[in-house]
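First comes the structure, then the notes that go with it.
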Protein chains: 2
Amino acid sequence: MVSGANSRKYSETMIKRAKGVTISQVADAAGVARSSVSRAFTRPDMLSPETVDRILKAAETLGYVPNHTARALSTGRHGNIGLIVPDIANPFFPPLIQAGQLEADRSDFCIFLGNTEENPKQEDKLVGRFAGQVEGIVLVSSRLSDERIRAHAAQLPLVLINRDVDGIPRVLIDSSSGVRQAVEHLAELGHRKIVYVSGPANSWSNKQRRTAIRSAASGLKVDIETVPAVLASYTSGRNAVSAILATGATAAVAFDDLTAQGVLAGLAEKKVSVPGDFSLIGCDDVLGAVTYPALTSVSNRSVEAGRVAVSLLIEMLQSNGIRDARYVLQTHLVMRETTMALGYRGP
Amino acid sequence: MVSGANSRKYSETMIKRAKGVTISQVADAAGVARSSVSRAFTRPDMLSPETVDRILKAAETLGYVPNHTARALSTGRHGNIGLIVPDIANPFFPPLIQAGQLEADRSDFCIFLGNTEENPKQEDKLVGRFAGQVEGIVLVSSRLSDERIRAHAAQLPLVLINRDVDGIPRVLIDSSSGVRQAVEHLAELGHRKIVYVSGPANSWSNKQRRTAIRSAASGLKVDIETVPAVLASYTSGRNAVSAILATGATAAVAFDDLTAQGVLAGLAEKKVSVPGDFSLIGCDDVLGAVTYPALTSVSNRSVEAGRVAVSLLIEMLQSNGIRDARYVLQTHLVMRETTMALGYRGP
DNA sequence: ACTTGACATGCAACCGGTTGCATGGAAATC
DNA sequence: GATTTCCATGCAACCGGTTGCATGTCAAGT
């Protein structure tokens, strides 16, 4: 045991990675053919128990580990599935990712995660890059055009989350049910003019929510105005506040909780009290009660979405068929403390 | 153009993935040997420009895409690097991941992201699984034992973030500088008893912060008590509040911002006003000004950490050497609104 | 005109597994 | 005891590229 700086110098040059114990070496050691070693690992039932034993023992002592790449090359299977999201930093996605990972694990698949930063080019690139190394891809809230998605789907099994492309298996979180409840709730509280703070232009969810709000409002004598927040982020929300107030609305529904949180901050900054002067509802319910005041929001089903999408993909892989599945998950309003009757001034 | 349900039935069975245009087919089409096709892509300078042209054209029309797996098998290189984090849902990590991804991109590497859910077993498994498909791994805030880390480092290039294992390249965010400032700040405000709300037991950062607080306090006539929060999360922080108050302390430093946010909520629940009655400081500054009141926190350097770790790894891969590098990134206190002089009662 | 060298290209082995088919010996059948 | 059947194992081709070396060609050098 040499210690400290001296020994370190040696370790720099001496570390040699324990490279490549191959199937042939194991075969030699066990006195069998390479194919038998292969079978000992993949189809032990084909061999006599003693042979399997001998091979496994030899493999063990040599420290043999099957080479994933070689195996993938000959079988065409690598046991990985890709999961691509637009923005890991958005709290909507991590629970979805975790759920997907868990589900993949159950079938011994491994998740490769990609982050596109909301950039379609990056998304395209990532899909291409993943294509060779995964057996299928789950595209979450894709920002790609329908054509690109179709093109990719022609190359490898694809499942979409929150994107509705005909003929491609997809899992949709239907926020319209929850959004409808939100509008009804605000209408009941007496609000007659509501702003929708919209999200990314090419987001399917955004389109869906905007439509749902309009349709809900049309039956309720409620006016809707849309104010764009560009991105789904705190800053975007905060910047949108002036425009929101300029409409004269008394309540807002934001594209997501992050945006809502930004709006909340912007309102506080302008001394507009929530919910006293202004009511606010988010979407996705990712911030739960951690804002102040606790944000009323539309529930999300991201965990189920992740789980279902992955299991759907795995099912496709195993049955080798394409199912034109279309799962829809309903949502509802989660009431907290950012909404109040118009003109109400405390107890 | 047949529409709707009918055509769908066909598409189910008819879709055949455009599988496997190989190098041989391109070679035939272009009238050259397989090796020339290979060279046209990897070392075009070895071929005459016209030949390259012809081959590329043939490849283009056939829709040839080099098979990543096959290439990896013969070269031993796959151009991927693994990045493993304990919890994507923790806002500390996404910026780090993004920065790493960006840096990897610059050298045309692709990041495979793994999430361990704070579980060492899962981490071990993930490293093993990645080992065959990536050229190196960045382990962020590893929860593994030193031995396991060393064992893995013997198998493939490894860079650590926020983990200090001798002989293994590592990038450390030194929160002690910032934490020291935090304690000094609280001491100046008159606080004489401070609680450290600790984080995960096997977290290097946690150990570092606890030590730094103790050492900073010892020179300042300040008492430190430690209250465990078990996990780095909102809930853990919130649950720790009773214990925190029971110590009689007037201020706390939390392991991270998430924990601090939980503490903030717990205090509000118990009608303890912040900063009036109690001062609170977080770590990692991930929530910025989005809490209420805006959280004073110790800055993080996660973006640099991600960038440096990845570039370090790539450097190792290219030079094929192991550098016993140890980058340390300093931090500082970011003042906001959750600290106040003891006994101060407003202007 | 003949050697020399440079350069473009082809040949074939190799990366490390998997798998269809052949083979040989033991057990089962008649 | 001869024939059939079955099972364990080996052989060799294959997955789709890469790469060291050999070969052939053509231009420059003498």
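Of the residues B:Val179, B:Val159, which is touching a residue at least 24 places away in the same chain (Cβ under 8 Å), among the aliphatic types (A, V, I, L, M) and either closer than 16 Å to B:Glu118 by Cα or outside any helix (DSSP H, G or I) (or both)?
Step by step, each of B:Val179, B:Val159 is checked, and only B:Val159 is touching a residue at least 24 places away in the same chain (Cβ under 8 Å), among the aliphatic types (A, V, I, L, M) and either closer than 16 Å to B:Glu118 by Cα or outside any helix (DSSP H, G or I) (or both).
Would you tally the residues in segment B:89-117 being at pLDDT below 90 and more than 29 Å from A:Asn67 (Cβ to Cβ)?
Number satisfying all stated conditions: 3.
For segment A:52-75, enumerate the residues that are open to solvent by 30 Å² or more (accessible area, probe 1.4 Å) and more than 8 Å from DNA strand C (Cβ to nearest atom).
A:Asp53, A:Arg54, A:Leu56, A:Lys57, A:Glu60, A:Thr61, A:Leu62, A:Gly63, A:His68
Looking at this structure, is B:Leu258 within 24 Å of B:Ser175 (Cα to Cα), open to solvent by 10 Å² or more (accessible area, probe 1.4 Å), in a loop (DSSP other than H, G, I, E, B) and out of contact with any Lys or Arg (no Cβ under 8 Å at 6 or more places or on another chain)?
no
Might you let me know whether segment B:219-238 holds any residue that is part of a helix (DSSP H, G or I) and either farther than 30 Å from A:Leu287 by Cα or not hydroxyl-bearing (Ser, Thr, Tyr) (or both)?
Within segment B:219-238, one or more residues are part of a helix (DSSP H, G or I) and either farther than 30 Å from A:Leu287 by Cα or not hydroxyl-bearing (Ser, Thr, Tyr) (or both).
When you check B:Ile194 against the structure, is it part of a strand (DSSP E or B), away from chain A (no Cβ under 14 Å) and open to solvent by 10 Å² or more (accessible area, probe 1.4 Å), yes or no?
Spelling it out, it is not the case that B:Ile194 is part of a strand (DSSP E or B), away from chain A (no Cβ under 14 Å) and open to solvent by 10 Å² or more (accessible area, probe 1.4 Å).
Residues are listed down the side, and each one gets a yes or a no for (1) open to solvent by 20 Å² or more (accessible area, probe 1.4 Å); (2) in a helix (DSSP H, G or I); (3) modelled with pLDDT under 95; (4) not aliphatic (A, V, I, L, M):
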residue	(1), (2), (3), (4)
A:Gly262	no, yes, yes, yes
A:Val286	yes, no, yes, no
A:Glu304	yes, yes, no, yes
A:Ala309	no, yes, no, no
A:Val328	yes, no, no, no
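Take the residues in segment A:47-92 that are charged (D, E, K, R) and more than 30 Å from A:Leu313 (Cα to Cα), then tell me which one is farthest from the other protein chains (Cβ to nearest Cβ).
A:Glu50
For A:Pro95, indicate whether it is surrounded by fewer than 20 Cβ atoms within 10 Å (Cβ to Cβ), in a helix (DSSP H, G or I) and within 11 Å of chain B (Cβ to nearest Cβ).
yes
Would you check if there is a residue in segment B:32-50 being within 13 Å of DNA strand C (Cβ to nearest atom) and in contact with a Phe, Trp or Tyr (Cβ under 6 Å, 6 or more places away or on another chain)?
No: zero hits.
Inspect segment A:115-128 for any residue being within 29 Å of A:Tyr234 (Cα to Cα), of a type outside the set (Asp, Glu) and part of a strand (DSSP E or B) and give the result as yes or no.
Looking for residues that are within 29 Å of A:Tyr234 (Cα to Cα), of a type outside the set (Asp, Glu) and part of a strand (DSSP E or B), one finds at least one in segment A:115-128, hence yes.
Quick check: anything in segment B:163-171 touching a residue at least 60 places away in the same chain (Cβ under 8 Å), over 17 Å from the mean Cα position of the chain (by Cα) and buried (at least 20 other Cβ atoms within 10 Å of the Cβ)?
So far as segment B:163-171 goes, yes, one or more of its residues are touching a residue at least 60 places away in the same chain (Cβ under 8 Å), over 17 Å from the mean Cα position of the chain (by Cα) and buried (at least 20 other Cβ atoms within 10 Å of the Cβ).
Of all residues in segment A:217-239, count the ones that are open to solvent by less than 50 Å² (accessible area, probe 1.4 Å) and closer than 21 Å to A:Asn300 by Cβ.
6
Here is a check on your reading of the model: is B:Leu139 closer than 26 Å to B:Ala72 by Cβ and either β-branched (Val, Ile, Thr) or within 12 Å of chain A (Cβ to nearest Cβ) (or both)? Break it down stepwise before answering.
Details: closer than 26 Å to B:Ala72 by Cβ: yes; either β-branched (Val, Ile, Thr) or within 12 Å of chain A (Cβ to nearest Cβ) (or both): no.
The answer is no for B:Leu139.
Pairs under 6 Å by beta carbon, first residue more than 14 Å from chain B (Cβ to nearest Cβ) in segment A:25-46, partner charged (D, E, K, R) and near DNA strand D (Cβ under 8 Å from one of its atoms), six or more apart or different chains?
A:Ala27/A:Arg34; A:Met46/A:Arg39
Going by what's in this entry, would A:Leu312 be described as away from chain B (no Cβ under 13 Å) and either under 20 Å from A:Ser176 (Cβ atoms) or under 22 Å from the mean Cα position of the chain (by Cα) (or both)?
yes
Take segment B:98-107 and flag every residue that is more than 8 Å from chain A (Cβ to nearest Cβ) and open to solvent by 10 Å² or more (accessible area, probe 1.4 Å).
From segment B:98-107, those more than 8 Å from chain A (Cβ to nearest Cβ) are B:99-100, B:102-107; that's our starting set.
Those that are more than 8 Å from chain A (Cβ to nearest Cβ) and open to solvent by 10 Å² or more (accessible area, probe 1.4 Å): B:Ala99, B:Leu102, B:Glu103, B:Asp105, B:Arg106, B:Ser107.
I'd like the full set of residues that are within 14 Å of chain B (Cβ to nearest Cβ) and either part of a loop (DSSP other than H, G, I, E, B) or free of Cβ contacts under 8 Å to residues at least 60 places away in the same chain (or both), limited to segment A:264-279.
Scanning segment A:264-279 gives A:Ala265, A:Gly266, A:Leu267, A:Ala268, A:Glu269, A:Ser273, A:Val274.
The values are calculated or read from the model by the stated rules, or taken from the named source; none is laboratory data. Every value quoted in this text rests on a predicted model; they were computed, and no experiment measured them. FYI the Cβ positions are ideal-geometry reconstructions off the backbone, even for glycines, and counts take in every protein chain you see. Note: accessible area is taken over every heavy atom of the protein model, side chains too, but ligands, DNA and RNA are not part of it. Shrake-Rupley method; radii C 1.70, N 1.55, O 1.52, S 1.80 Å.
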